[in-house]
Amino acid sequence: MLHRMVYPATEDMTSEERAFMINATEIDVLPGVRGDLPEPLASASGAELAAVLLPLVDKGWIEVCPVVPWTAPDGSEGYQPGPAFPREDLPALLADDGRWEYAEDRDFTGGLTLTLTEAGERIPR
């Protein structure tokens, strides 16, 4: 018998989980997540934010990746997600409050971004 995994619709998630999923869809940097979160979580520490994000990582829906430079075919420069960090590295990376704030120079290189996994992309929206 073939078993099919059922994913919850985003309506079944908390507003905080939905915010992380939306930001992963947008391949947004961590500071961008804060603007989509309700208070008091929007002002929470990195460790508190990680407590919401890590279960989504553990479900296999979101990956946390470094932001790396990218050059488009036309030569314009930008950013893209690099390879996902190993799960065991995430608690320390995400607990760093500075990673949840925009850099003064707005250079995203080395920052953290969220991406959906293949499983995350299959969740009905």
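The values are calculated or read from the model by the stated rules, or taken from the named source; none is laboratory data. Note that the structure is predicted; figures quoted are calculated from it, not measured. Don't worry about glycine lacking a Cβ; one is built from the backbone with ideal geometry, like all the others, and counts go over all protein chains shown.
Listed values, structure above:
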{"item": "Residue in the range 46-57 that is surrounded by 15 or more Cβ atoms within 10 Å (Cβ to Cβ), touching a Pro at 6+ places or on another chain (Cβ under 8 Å) and within 19 Å of ASP28 (Cβ to Cβ) present", "result": "yes"}
{"item": "Conditions (1) in contact with a Ser or Thr (Cβ under 6 Å, 6 or more places away or on another chain); (2) crowded, with 17+ Cβ neighbours inside 10 Å; (3) farther than 22 Å from ALA42 by Cβ; (4) not aromatic (Phe, Trp, Tyr): number failed by GLU77", "result": "(2)"}
{"item": "Index of the failed condition, PRO91 passing every other in (1) surrounded by 16 or more Cβ atoms within 10 Å (Cβ to Cβ); (2) assigned to a helix (DSSP H, G or I)", "result": "(1)"}
{"item": "For GLU16: the one exception among (1) surrounded by 15 or more Cβ atoms within 10 Å (Cβ to Cβ); (2) free of Cβ contacts under 8 Å to residues at least 12 places away in the same chain; (3) closer than 28 Å to ARG122 by Cβ; (4) not basic (Lys, Arg)", "result": "(2)"}
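Yes/no per residue for (1) within 13 Å of the chain's Cα centre (by Cα); (2) within 21 Å of GLU118 (Cα to Cα); (3) among the charged types (D, E, K, R); (4) at pLDDT below 90:
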| residue | (1), (2), (3), (4) |
| --- | --- |
| ALA19 | yes, yes, no, no |
| ALA24 | yes, yes, no, no |
| ALA42 | no, no, no, no |
| LEU54 | yes, yes, no, no |
| VAL64 | yes, yes, no, no |
| PRO86 | no, yes, no, no |
| PRO91 | no, no, no, no |
| TRP100 | yes, no, no, no |
